[in-house]
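Scroll down for the structure; my scribbles are underneath it.
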Amino acid sequence: MASFAPRPQVSNTLAIQFHLDKCPTTFAQAAELFKDHDVARLDMSFAPCTNLVLVTFYDVRVAQQVLKRVKPFGWPAREGMNDFRSVRLSISEFASLPQHDRGFERFGEIAGLSSCGDDMLIPGIL
């Protein structure tokens, strides 16, 4: 018997079910729907069969705003294996933290570290 994990309550990724005549048929059409937001990933692989598009936003707050607009035809979905997020952190603020708070573990699995001006860019894998 198959077992399914419950849907997440909050996610950067949304599943959006379109009506048959409203489902985007090209990547450009789908991208146009979210042009006002920073999209990390747009997955149309299910669209031809199910009219379902998965969209992952960099910012979970944006995902929540879009979710309010598309309910009841959208819901939070699990992130894909290749979805990731980055944290940008001020080097001076990080240095001012107490020693016991300076670990990178709280950011998740670290994929790398780079600097961007006076900030650290920490790409982490979800």
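Nothing in this text is a laboratory measurement; each read-out follows from the coordinates by a stated rule. What you see is a predicted model; the values in this text were computed from it and never measured.
Given Cα pairs under 8 Å that are at least 6 residues apart, what percent is the relative contact order of the stretch 13-77?
Once normalised by length, the contact order is 47 percent.
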*Using modelled amide H (1.01 Å from N, peptide plane; none on Pro or chain starts), what sits under 5 Å from the amide H of ALA40, excluding residues fewer than 5 places away?*
THR56, PHE57, TYR58
